[in-house]
Amino acid sequence: MRLILLGPPGAGKGTQSKILETEYGVAQIATGDMLRAEVAAGSPVGMEAKAVMAAGGLVSDDIIIRMLKNRVSQPDCQKGFILDGFPRTIPQAEALDALLHEMDMDLDAVIALEVNEPVLVERISGRFSCKTCNAGYHETFKRPKIDGTCDVCGGHEFIHRADDKAETVHARLEAYNAQTAPILPYYRAQGRFFTVDGMAEMDEVSSQIAAILDRLHALN
Ligand code: AMP
């Protein structure tokens, strides 16, 4: 299965791709996570990306496309992958098409999660994650069962993303509207494009995605 989850920051792409990763045994490729790892490692890519990410802008297509090409050729992507946070520009979408063509692969579906802007801001500004295992939480919607202890690994340290601050969130939404939203018509024109109500409860969103994938599976 090869899938793209599209949507603005805070739409639930990360949450839903992690669920799909577990259910379908395919790799989640989150370019934002990959970049944060580069920044933490202080690599040349990380050093170049750090300021752009902190300001809520988009990292250059060259860097991202190179990173993505290396990632999809890893063995864990053989069974398939879910792209989360890529593509974010038309040149990235075109580069992905060329790469898939070269590898003689197709996309099964492009699924866009639709969420309105006030809800995105509320979701992003309350989120935090476990420093050890990266499990995601929210101050209002999803607190750990025991305060201060990660439900998944029992860790006690939590982090807020540097770019989840209110002023950066607005810049990220602007980048989405200006540079990423134009790829929706690009994929709609290619077919196999679906929208899902991302305002629904997390389980309901998962069911809607599963229903799309089941329908596609029945067609194949
Ligand atoms: P995310 O975790 O997907 O919200 O990404 C965090 C940040 O990483 C974004 O705000 C961008 O600065 C950068 N980033 C992640 N993916 C991409 C991409 N495909 N193209 C450009 N920049 C990206």
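The values are calculated or read from the model by the stated rules, or taken from the named source; none is laboratory data. This one's a predicted model, so the numbers in the text were calculated from it and none came from an experiment. Quick reminder, even Gly has a Cβ in these numbers, built from the backbone with ideal geometry, and neighbours come from all protein chains shown. Calculation scope for accessible area: heavy atoms of the full protein, side chains included, ligands and nucleic acids excluded. Shrake-Rupley method; radii C 1.70, N 1.55, O 1.52, S 1.80 Å.
The listed peptides 140-150, 162-172, 120-130, ordered by packing as a protection proxy, come out as 120-130, 162-172, 140-150 (highest mean of other Cβ atoms within 10 Å first).
Approximating the spin labels as points 7 Å out from Cα along Cα→Cβ, the Tyr137-to-Ala181 distance works out to 3.4 nm. Treating r as the C-beta distance of Ala211 and Arg188 and R0 as 22 Å, the FRET efficiency rounds to 0.70.
Counting only DSSP beta bridges with both residues in the chain, tell me the antiparallel percent, nearest 5. Before the final figure, lay out each step's value.
Values: 7 of 24 bridges.
Just about 30 percent of them are antiparallel.
For the pair Asn116 and Met47 in one chain, pulling the backbone fully straight at 0.36 nm per residue adds 21.6 nm over the alpha carbon distance.
What translational diffusion coefficient, in µm²/s and rounded to a whole number, does the Stokes-Einstein relation yield for the range 1-138 at 4 °C and a viscosity of 1.567 mPa s, taking the hydrodynamic radius as the Kirkwood radius over Cα pairs? Show your work: numbers first, answer last.
Numbers: Rh = 15.8 Å.
Translational D for this selection: 82 µm²/s.
Taking other residues whose beta carbon is less than 14 angstrom from the beta carbon of Lys142, and scoring Lys, Arg as +1 and Asp, Glu as -1, yields -1. Sticking with the crude label model, points 7 Å out along Cα→Cβ, report the distance from Thr195 to Asp76 in nm, one decimal please. About 3.4 nm separates the two model spin labels. Only Cα pairs within less than 10 Å get springs; with that Gaussian network setup on the chain, which residue of Met53, Met105, Met34 has the largest fluctuation? The residue that fluctuates most here is Met105. The residues of the range 34-157 present an accessible area of 54 Å² per residue when probed at 1.4 Å with all protein chains retained. Cut-off 10 angstrom, C-alpha nodes, Gaussian network model of the chain. Which of Leu99, Leu83, Leu20 fluctuates the most? Highest fluctuation of the listed residues: Leu99. Set the Cα radius of gyration of the range 93-220 against 2.2 N^0.38 Å, with N its number of residues, and you get 1.29. The residue among Ala41, Gly85, Ala109 whose Cα reaches farthest toward the positive pole of the charge dipole of the range 1-119, with charges on the beta-carbon of Lys, Arg, Asp and Glu, is Ala41. Cysteines in the chain that lack a partner Cβ within the 4.7 Å cut-off: Cys77. Among the helices of the chain, those built from whole DSSP H runs whose Cα atoms reach 24 Å or more along their own axis and whose mean Kyte-Doolittle hydropathy is at least -0.5 are 202-219. Using a Gaussian network model on the chain with a 10 Å cutoff between Cα atoms, which of Ala135, Ala11, Ala95 fluctuates the most? Sorting by GNM fluctuation, first place goes to Ala135.
Which three numbers, in whole Å and largest first, are the semi-axes of the equivalent ellipsoid of the range 68-122 derived from its Cα gyration tensor as √(5λ)? Present the calculation step by step, with values, prior to reporting the outcome.
Values: eigenvalues 133, 34, 23 Å².
The equivalent ellipsoid of the range 68-122 has semi-axes of 26, 13, 11 Å.
Each helix, a run of at least 4 DSSP H residues, gives -39500 (n - 2.57); summed and divided by the residues of the chain, these come to -14500 deg cm²/dmol at 222 nm.
If R0 is taken as 25 Å, the Cβ-Cβ distance between Asp106 and Ile159 corresponds to a FRET efficiency of 0.10. Among the listed pairs Lys79/Lys145; Lys79/Lys165; Lys145/Lys165; Lys13/Lys79; Lys69/Lys142, those with a Cα-Cα distance over 28 Å are Lys79/Lys145; Lys79/Lys165; Lys69/Lys142. Rounded to the nearest 20 debye, the dipole size of the range 31-174 about its Cα centre is 580 debye, using +1 on the Cβ of Lys and Arg and -1 on the Cβ of Asp and Glu.
Calculate the FRET efficiency for Arg66 and Lys145 from the Cβ-Cβ distance with a Förster distance of 41 Å, rounded to the nearest 0.05. Before the final figure, lay out each step's value.
Details: r = 41 Å, r/R0 = 0.99.
Rounded to the nearest 0.05, the efficiency is 0.50.
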